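Scroll down for the structure; my scribbles are underneath it.
What follows is calculated from the coordinates using simple rules that are stated; it is not laboratory data. In this text, all values refer to a predicted model and were calculated from it rather than measured experimentally. With ideal geometry, Cβ positions are generated from the backbone for all residues, glycine too; neighbour counts draw on all protein chains shown.
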Amino acid sequence: MSTTTPQHKIGSGFGAHSTADDVLAGLDLDGRLAIVTGGYSGLGLETTKALSKAGARVVVPARRAATAREALAGLERVEVDELDLGDLDSVRGFAERFLASGRTVDFMIDNAGIMACPETRVGPGWEAQFATNHLGHFALVNRLWPALAPGGARVVSVSSRAHHFSGIRWDDVQWERGYDKWEAYGQAKTANVLFAVHLDRLGRDAGVRAFALHPGGIMTPLQRHIPRAEMVERGWIDEQGTVLNPQGFKSPAQGAATQTWAATSPQLEGMGGVYLEDCDIAEPAVAGEPTGVRDWAVDRDQAARLWDLSARLTGVNAFA
């Protein structure tokens, strides 16, 4: 088995219009367990529904547990627990409760996140998008390592094409100078990819493989921090709030497909450490084109550097 998966398409047979149900067709996930952060809203909800329908048990850690239980009511094999990714004590609490259950994890989908929010500080003054989207998930996966390793889990880090906006600002990771909400989001999404690159490197001897991905453009509650006027200006919606299809927006079920495929597809057996889009491995980005993965997001040296920084900031490292 090659230790490094090439960053090139494999011809999965799926594409931008495939849904989460499509990629799970014919798969029996009975007896398998998934954790889907934010699995009660937007893409997370569609992911939870599809995995549950395919027979998996799904644990949904949620910042708004009551809201999550309401959204997930009636779904089989789904349970909710409390988790605030911006609070490392909350992350530790969830991980300890899960580990105490003695269960192992087959699919870990780091789906929750915030996007383009006004400058916000959490914890010891960390920039909220980097802290919530990256550091919270970093701490969560490291704390859950005793449940991930025994089953040879797949860890799926939901990034975005927004990683094109910014690499890691090594001289000012917490955006203490000149905050820009979109570049800060881009840095956080780059961090999601680098996390998967290094976790795959560290975990593959234990059978744990990791992937990052762009789910596509989808109108979900993730846009809650973006004023309507800005979405109109960007051409996402019209003045009445109607989504403009020329932008190529996916439905939530289509948006959930790539992360569901990443977690479960037999086509990815023995692979890992790569960035996916439209239910396939993405190609390296070409200058001036919006698709593919930028070199700074899959750079192994930067991935190792970010891992070390994240371990120092969170005080957690399963591989220390």
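Taking the average, over residues, of other Cβ atoms within 10 Å as the packing measure, peptides 16-23, 260-267 rank 260-267, 16-23 from highest down. Positive-end ranking of ALA56, THR5, GLY44 along the dipole of the stretch 1-57, with charges on Cβ about the Cα centre, is headed by THR5. In order along the stretch 199-215, phi translates into HN-Hα couplings of 4, 4, 5, 6, x, 5, 5, 8, x, 8, 10, 10, 9, 10, 7, 9, x Hz, rounded to whole numbers, per the Karplus curve 6.51 cos²θ - 1.76 cosθ + 1.60 with θ = phi - 60° and x for Gly and Pro.
Mean-square fluctuations from a GNM of the chain, with a 10 angstrom spring cutoff on Cα atoms, peak among ASP84, ASP171, ASP110 at ASP171.
Across the stretch 71-84, computed HN-Hα scalar couplings (Karplus, 6.51 cos²θ - 1.76 cosθ + 1.60, θ = phi - 60°) run 5, 9, 4, x, 7, 7, 6, 10, 10, 10, 9, 8, 7, 10 Hz from first to last residue, x flagging Gly and Pro.
In percent, rounded to a whole number, the relative contact order of the chain is 23, using alpha-carbon pairs under 8 Å and six or more apart.
Summarising the amide proton neighbourhood of VAL58: residues at separation of 5 or more, or on other chains, whose placed amide H is nearer than 5 Å comprise ALA34, VAL78, GLU79. Close amide H partners of VAL274, meaning residues 5 or more places away or on another chain with modelled amide H under 5 Å apart, are ALA212. Residues with beta-carbon under 10 Å from that of ASP84, excluding ASP84: net charge, scoring Lys, Arg +1 and Asp, Glu -1? Counting the neighbours of ASP84, the net charge comes to -1.
Phi angles across the stretch 114-130 convert, under the Karplus curve 6.51 cos²θ - 1.76 cosθ + 1.60 with θ = phi - 60°, into 3J(HN,Hα) values of 10, 9, 6, 7, x, 3, 9, 10, 10, x, x, x, 6, 5, 5, 5, 5 Hz, Gly and Pro given as x.
Averaged over residues, the count of other Cβ atoms within 10 Å places the peptides 140-150, 32-42 in the sequence 32-42, 140-150, highest first. Normalised Debye scattering of the stretch 79-184 at q = 0.13 Å⁻¹ gives log10 I(q)/I(0) of -0.53, counting only Cα atoms as equal scatterers and leaving out solvent. Quotient of the Cα radius of gyration of the chain and 2.2 N^0.38 Å, N being its number of residues: 0.92. Ordering of 157-168, 182-193 by packing is 182-193, 157-168, highest average first (other Cβ atoms within 10 Å, averaged per residue).
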